[in-house]
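Novice: My structure is below; once you've seen it, I'll send some questions.
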Amino acid sequence: MLAALFFVLATFAITTKVEGSRQGKDRVATSVVWVCFILALVPLLSLAWVTITKGIKVIDGYFLTHSMSGLLDTDEGGGIYHALLGTLEQVGIATLIAAPVGLLTAVYLVEYGRGRLAKTVTFFVDVMTGIPSIVAGLFILATWNLMLGFGPSGFAGALALAILMMPVVVRSTEEMLKLVPNELREASLALGVPKWRTILKVVLPTAIGGITTGVMLAVARITGETAPVLLLVFGTKLINPNPFEGAQSSLPLYVYEQYVVGTEASIDRAWGAALVLIAFVMILNLVARGIARWKAPSTGR
Amino acid sequence: MAKRIDISGLSAYYGNHKAIDDISMTVEPRSVTAFIGPSGCGKSTFLRTLNRMHEVTPGGRVEGKVLLDDENLYAKDVDPVAVRRTVGMVFQRPNPFPTMSIFDNVAAGLRLNGSYKKSRLTEVVEKSLRGANLWNEVKDRLNKPGSGLSGGQQQRLCIARAIAVEPQVLLMDEPCSALDPISTLAIEDLIGELKERFTIVIVTHNMQQAARVSDRTAFFNLAAIGQPGKLIEIDDTERIFSNPSVQATEDYISGRFG
Ligand SMILES: Nc1ncnc2c1ncn2[C@@H]1O[C@H](COP(=O)(O)OP(=O)(O)O)[C@@H](O)[C@H]1O
Ligand SMILES: [Mg+2]
């Protein structure tokens with residue numbers, strides 16, 4: 001910090017002397033931007049570095065394909081297969097619910113929405129964006145589990161995750177649909193194409209790259225959610241492939257559980273699971289970028 | 001093909017704002033009618049009432065009658081979607097669908113209306129591209145994106161797309177204003193050919209263009225900014241440009257305002 005401050009001041013002093021005050025200020029602005037950039041990068045890189053160095057030593061084929069079944073949390077060995085499976089299933093179900101609903105809501109808001117109803121929907125989407133994940137979890141717990149009497153399951157967790165995901169999908173899809181030039185809609189309508197077909201065949205294909213990216217980023221966002229999973233999915237050491245019945249585990253929950261145990265072996269496992277989680281999110285991000293580039297409407301020659 | 005348009009007592013609104021006021025005129029089949037007038041006098045608005053595109057704009061509302069060979073486009077039981085298949089439109093800026101190839105752009109009107117037979121599509125696409133004087137330039141790259149063409153080619157692609165659904169009338173809103181002189185000339189030649197088959201209405205800011213391509217010319221004007229636009233006169237193009245019956249027309253044409 002001090003070194004950075006010193007560096008900026010020194011640049012200013014020297015440049016002002018050598019090149020005059022306008023260049024001096026220019027140099028300072030440039031240095032400040034660079035210093036801020038590096039400061040922002042430091043926590044990011046060190047986080048990645050710590051996770052990778054600590055996580056990599058436990059990750060192997062065994063770790064990825066075995067559960068904690070039959071082991072005490074204090075034992076060595078074991079793996080994250082049950083948690084990985086749980087995460088994939090819960091996030092998958094949440095996406096299957098949230099993506100279509102979010103997409104259709106956004107289509108309604110951008111293409112049809114006028115007047116009171118649209119304003120109300122927009123308002124509720126805004127409110128939903130701010131819902132803390134634990135509240136979404138409690139809501140599902142109160143309705144699905146306590147009122148309707150279902151036990152903990154991956155599906156209950158997925159419902160809470162879907163609540164968290166939906167507003168993100170609506171928002172990003174809305175932005176992408178608004179980017180589609182009105183001229184394209186008019187060109188299609190002027191050919192005598194009904195509005196719903198215009199949306200389906202012209203508007204959505206034009207925006208599909210951005211929409212998919214938005215959904216992927218929303219998926220990445222909910223993959224790390226711990227609180228609702230803790231409440232609703234409950235956690236287990238065993239492999240439970242059925243998301244509709246019985247407790248499951250999930251990666252963030254696993255990280256938490258293992259860290260709480262506090263032995264060397266369990267903390268190593270926590271880092272290993274954390275690394276898998278980060279890698280998963282990273283891959284989703286890259287895939288999203290790839291899709292955005294691949295599907296971007298080609299312009300120019 | 002090609003129908004007469006009879007417009008009577010037509011006014012159009014954006015919400016409470018009246019954009020054009022009480023326009024009546026007749027557009028002859030198989031001819032080119034040009035709309036001229038200063039910006040904001042409602043030429044585009046009027047043009048868009050002729051294929052019911054005006055009501056697509058939020059708050060857009062129309063009063064009056066538009067008869068297409070005696071059939072009122074604004075009758076209660078008329079489907080605006082069907083009207084737009086009969087009255088095609090070309091816009092100011094070329095707007096090919098960016099996700100579609102050249103072939104798919106031209107086939108879009110048919111495909112989006114549910115006609116999928118490949119042989120028929122191929123036939124229509126070639127015919128339309130030939131009709132738009134674009135076939136020779138693109139026949140080797142029909143599967144390339146339409147956005148890869150030059151501006152003038154893109155505009156002719158849009159014309160091909162519009163005539164592929166075989167409309168009776170073709171509306172063009174300043175189709176050359178975004179194009180260079182050479183492309184403009186190509187489009188003007190094309191308009192000359194298309195009027196054999198279609199009734200054409202073209203909005204233009206370019207007096208020479210109106211004089212070159214049109215048979216009839218309509219001059220619109222507005223009393224003041226914020227006032228609705230009105231039809232001042234419509235007559236044979238030659239007469240409008242040599243000896244108009246209204247002083248304002250002559251002032252506008254000779255460049256004294258607008
Ligand atoms: N989408 C719109 N919403 C509200 N007012 C509009 C809209 N489009 C045009 N207008 C108004 O209608 C009038 C006529 O515009 P327009 O038909 O575009 O004129 P022109 O094509 O002759 O330049 C103008 O006063 C303009 O401000
Ligand atoms: Mg205009």
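Bear in mind that the values in this text are calculations on the coordinates, not laboratory data. Since we're looking at a predicted model, the values are computed, not measured. Cβ sites come from the backbone with ideal geometry, for glycine too, and all protein chains shown count toward neighbours.
Novice: Run the dipole for chain A about the Cα centre, Lys and Arg Cβ at +1, Asp and Glu Cβ at -1, nothing else charged, and hand back the magnitude in debye, nearest 20.
Specialist: 1440
Novice: Continuing with the same structure: Quick check for me: using +1 on Lys/Arg Cβ and -1 on Asp/Glu Cβ, what's the dipole size of the protein assembly as shown about its Cα centre, in debye to the nearest 20?
Specialist: That gives a dipole near 400 debye.
Novice: As an exercise, use a Förster radius of 56 Å and the Cβ-Cβ distance of B:Ser177 and A:Val287 to find the FRET efficiency, rounded to the nearest 0.05.
Specialist: In this case the efficiency is close to 0.85.
Novice: With point charges of +1 on the Cβ of Lys and Arg and -1 on the Cβ of Asp and Glu, referenced to the Cα centre of the range B:5-253, which listed residue (B:Val138, B:Phe220, B:Val32) lies farthest in the positive direction of the dipole?
Specialist: B:Val138
Novice: May I pose another question? So if I place +1 on the C-beta of Lys and Arg and -1 on the C-beta of Asp and Glu, and nothing else carries charge, what would the dipole magnitude of chain B be about its Cα centre? I want it in debye, nearest 20.
Specialist: 920
Novice: Tell me the Kirkwood radius of the range A:2-55: reciprocal of the mean inverse pair distance over distinct alpha-carbon atoms, in Å.
Specialist: By the Kirkwood definition, the hydrodynamic radius is 12.6 Å.
Novice: Follow-up question, since we're still on this one. Which distance in nm do the two modelled labels at A:Lys195 and A:Ile267 give, with both placed 7 Å along the Cα-to-Cβ direction?
Specialist: The modelled label-to-label distance comes out at 6.2 nm.
Novice: Rank A:Ala207, A:Ala270, A:Ala142 by mean-square fluctuation in a GNM of chain A with C-alpha springs under 10 angstrom and give only the top-ranked residue.
Specialist: Comparing A:Ala207, A:Ala270, A:Ala142 in a Gaussian network model of chain A, the most mobile one is A:Ala142.
Novice: What residues from the range A:79-97 fall in the zone where the backbone N is under 17 Å from a label point 7 Å along the Cα-to-C-beta line of A:Tyr62?
Specialist: Hits in the range A:79-97 for A:Tyr62 at 17 Å: A:79-82.
Novice: Sticking with this structure for a sec: Using the membrane-span-like helix rule (whole DSSP H runs, Cα extent along the own axis of at least 27 Å, mean Kyte-Doolittle hydropathy at least 0.0), which helices of chain A qualify?
Specialist: Counting only whole DSSP H runs, the qualifying helices are A:21-56, A:81-107, A:154-179, A:204-223, A:264-295.
Novice: Here's something else I'd like to know. Let's test the formula: R0 of 35 Å, r as the Cβ-Cβ distance of A:Ala118 and B:Asp70. What FRET efficiency results, to the nearest 0.05?
Specialist: After rounding to 0.05, the efficiency reads 0.30.
Novice: Also: Can you give me the three principal axis dimensions of the protein assembly as shown from its C-alpha atoms, in Å, biggest first?
Specialist: So the extents along the principal axes, rounded to whole Å, are 101, 74, 50.
Novice: Ok, one more. Please report, for the Cα atoms of the range A:65-295, the Rg to one decimal and the Dmax as a whole number; what are they, in angstrom?
Specialist: 20.4, 70
Novice: Which whole-number percent gives the relative contact order of the range A:65-295, counting Cα pairs below 8 Å spaced six or more residues apart?
Specialist: Worked out over the range A:65-295, it gives 30 percent.
Novice: Once amide H atoms are built 1.01 Å from N in the peptide plane, which residues 5 or more positions from B:Met172, or in another chain, come under 5 Å H to H?
Specialist: So B:Met172 has HN proximity to B:Val90, B:Val201, B:Ile202, B:Val203.
Novice: Quickly work out the B:Arg197-to-B:Asn113 label distance, labels modelled 7 Å from Cα along the C-beta direction, and quote it in nm with one decimal.
Specialist: The answer from the label model is 1.4 nm.
Novice: Could I ask something else about it? Give me log10 I(q)/I(0) at q = 0.09, 0.15 Å⁻¹ for the range B:28-162, Debye formula, one equal scatterer per alpha-carbon, no solvent.
Specialist: Each listed q corresponds, in turn, to -0.33, -0.87.
Novice: What are the ³J(HN,Hα) values, in whole Hz, obtained from phi via the Karplus relation 6.51 cos²θ - 1.76 cosθ + 1.60 with θ = phi - 60°, for each residue of the range B:209-215 in sequence order, with x given for Gly and Pro?
Specialist: 4, 4, 5, 6, 9, 9, 8
Novice: Considering the options A:Ala270, A:Leu230, A:Gly78, tell which one lies farthest towards the positive end of the dipole of the range A:65-295, charges being +1 on Lys and Arg and -1 on Asp and Glu at the Cβ, about the Cα centre.
Specialist: So the residue furthest toward the plus end is A:Leu230.
Novice: Could you point to the residue in A:Gly24, A:Val8, A:Met165 farthest towards the positive end of the protein assembly as shown's charge dipole, with +1 and -1 charges on the Cβ of Lys/Arg and Asp/Glu respectively?
Specialist: The residue sitting farthest along the positive end of the dipole is A:Gly24.
Novice: Also: Run the simple label-point estimate for B:Gln247 and A:Leu238 please: 7 Å along Cα→C-beta, distance reported in nm.
Specialist: 9.9
Novice: Rounded to the nearest 0.05, what FRET efficiency is calculated for B:Asp77 and B:Glu123 with R0 set to 30 Å and r the Cβ-Cβ distance?
Specialist: 0.35
Novice: How much length would be gained if the chain were fully extended between B:Ser254 and B:Ser150, taking 0.36 nm per residue of separation minus their Cα-Cα distance, in nm to one decimal?
Specialist: 34.1 nm
Novice: As a quick test, which of the pairs A:Lys201/A:Lys295; A:Lys119/A:Lys178; A:Lys195/B:Lys139; A:Lys178/B:Lys127; B:Lys3/B:Lys76; A:Lys195/B:Lys195 have an alpha carbon distance above 24 angstrom in this structure?
Specialist: Working: A:Lys201/A:Lys295 14 Å; A:Lys119/A:Lys178 16 Å; A:Lys195/B:Lys139 31 Å; A:Lys178/B:Lys127 35 Å; B:Lys3/B:Lys76 21 Å; A:Lys195/B:Lys195 30 Å.
Checking Cα-Cα distances, A:Lys195/B:Lys139; A:Lys178/B:Lys127; A:Lys195/B:Lys195 exceed 24 Å.
Novice: On a 0 to 90° scale, report how tilted helix B:118-131 is relative to the longest principal axis of chain B, with both axes built from alpha carbons and the result rounded to the nearest 10.
Specialist: The angle comes out near 50 degrees.
Novice: Next question. How many angstrom separate the Cα center of the range A:1-74 from the Cα center of the range A:213-238?
Specialist: Here the two parts' Cα centres lie 28 Å apart.
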